[in-house]
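One structure is given here, and the rest of the page talks about it.
The values are calculated or read from the model by the stated rules, or taken from the named source; none is laboratory data. In this text, all values refer to a predicted model and were calculated from it rather than measured experimentally. Heads up, the Cβs are rebuilt from the backbone with ideal geometry, glycines too, and the neighbour counts pull from every protein chain shown. Quick note on the areas: whole protein, heavy atoms, side chains included, nothing else; ligands and nucleic acids left out. Shrake-Rupley method; radii C 1.70, N 1.55, O 1.52, S 1.80 Å.
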Amino acid sequence: MVEKREDKKLKLDFTKKEYEYILENCFFNDLQKEILWDRLNGKSIIEISILRKISQDCVNKQIRKIKNKI
């Protein structure tokens, strides 16, 4: 479920079934799928940037794209 919070950030909290449905229907690229999975597993933006060897700005940009697709 995606819910808007007062600080205008989206909280991503999905069941496995919802996650699979989103992956099938939102046409994410491979990087976006990896970032979404990492965020759902509680990794921070800094941890993702180190793990994926990309900048924090790139991670933030991909998160914005993921949210727009959802």
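Table for the structure above
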read-out: Selection count, the stretch 55-64, where residues are open to solvent by less than 70 Å² (accessible area, probe 1.4 Å) and over 13 Å from the mean Cα position of the chain (by Cα); value: 1
read-out: Residues within the stretch 15-54 that are part of a helix (DSSP H, G or I), open to solvent by less than 40 Å² (accessible area, probe 1.4 Å) and either over 17 Å from Lys67 (Cα atoms) or of a type outside the set (Asp, Glu) (or both), tallied; value: 7
read-out: Restricting the stretch 31-70 to residues that are farther than 16 Å from Phe14 by Cβ and small (Gly, Ala, Ser), the residue that is modelled with the lowest pLDDT; value: Ser44
